[in-house]
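The values are calculated or read from the model by the stated rules, or taken from the named source; none is laboratory data. Here the structure is a predicted model, which means the values were calculated and not measured. Here the Cβ positions follow ideal geometry from the backbone for every residue, glycine too, while neighbour counts run over all protein chains shown.
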Amino acid sequence: MSRVTFLTGRGGLPKLEIATAWSTAEIYLHGAHVTRFQETGQPPLLFLSDQSRFEPNVPIRGGIPIIFPWFGKPADKPAQHGFARNRSWAVKEIASPATGITTVRLVLPPCPELGDGNIALEYAVTVSENLSAELVVTNTSARAYAFETCLHTYFTVGDINTLEVLGLQGVDYLDSLDAHRRKTEAGAAIRFAGEVDRTYVNTPHRVEIHDAALHRVIRVEKIGSASTVVWNPWIAKAKAMPDFGNAEYQRMVCVETGNVAENQITLAPGATASLTVKLSSEPSR
């Protein structure tokens, strides 16, 4: 059996708590933001900053922010990472069949930035022994619509100094710390000894996080995604962020699933695009 409970969360923001036979999860309607997923008897899969602000029009720091319709902070855009993560979403449907697997579907209400309904966003979060999230964008306007999107997932790790991210060897990336220069990943594993902020392009395949400190492997599998972003702020940037603890960089890493930079999507009139990520973990050998 599974259970979905509507509650008032931090900052008075509404949230849903989901309990299944295998796991628990938490979703805030603010940003349709998954803030927690944890298998029974295991450490939390997602990282949430102790300093995160839970306020209207302010993004939550951690979990899975929805980045849409642009990534980063283009010069001609008013805010970092778009506006979807700062808006209140509505629950469309909750499905919990006899299997106990629970799916919550949310929609972003019409807003002027999206033509008051000409561009529609729906988000489905499925909770079982794994966590899956699917973002669907539909263009009902008469014009093509170009956008970037990303599920900016923060993972809990035991120690960033012993962490490895595998699956990106030989892939080109844009290095945000070096004027977005295009480089190629040479190593079989990405290791961390300072700030990392890279957008790997043309990467539809699975990526793994090998966490020696927590003795587990996290798998990031995706459909409809051509970009993978890897980020850790390290010491100086962690201290500069008011909603992030000074030492929290040591126990988190972002491995993000999306379509950004040269992988942005142009959606024809009447067309739909979906982006899906499936997150799972198991003890390392």
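For the stretch 177-192, filtering for residues that are within 12 Å of TRP231 (Cα to Cα) and touching a residue at least 24 places away in the same chain (Cβ under 8 Å) leaves 3.
Taken over the stretch 67-119, the criterion of being more than 20 Å from LEU267 (Cβ to Cβ), in contact (Cβ under 8 Å) with a residue 40 or more places away in the chain, part of a strand (DSSP E or B) and among the β-branched types (Val, Ile, Thr) is satisfied by VAL91, ILE94, THR102, VAL104. Residue pairs whose Cβ atoms lie under 8 Å apart, sitting 6 or more positions apart in sequence or on different chains, and linking a residue in the stretch 20-44 that is closer than 15 Å to ILE218 by Cβ to a partner that is of a type in the set (Phe, Trp, Tyr) and part of a strand (DSSP E or B), are SER23/PHE37; PRO44/PHE37. Of everything listed in (1) out of contact with any Lys or Arg (no Cβ under 9 Å at 6 or more places or on another chain); (2) surrounded by 14 or more Cβ atoms within 10 Å (Cβ to Cβ); (3) modelled with pLDDT of 95 or more; (4) farther than 30 Å from ASP159 by Cα, the single unmet condition for TRP70 is (1). Output the residue which, of all residues in the stretch 1-19 that are in contact (Cβ under 8 Å) with a residue 40 or more places away in the chain and among the β-branched types (Val, Ile, Thr), is farthest from THR126 (Cα to Cα). Checking each candidate, the answer is VAL4. Tell me, which residue of the stretch 130-185 that is in a loop (DSSP other than H, G, I, E, B) and aliphatic (A, V, I, L, M) is farthest from the chain's Cα centre (by Cα)? Checked the stretch 130-185; the qualifying residue farthest from the chain's Cα centre (by Cα) is ALA142.
Selection within the stretch 19-66: residues that are out of contact with any helix residue (DSSP H, G or I) (no Cβ under 9 Å at 6 or more places or on another chain), hydroxyl-bearing (Ser, Thr, Tyr) and in a loop (DSSP other than H, G, I, E, B). The member of this set that is surrounded by the most Cβ atoms within 10 Å (Cβ to Cβ) is THR20.
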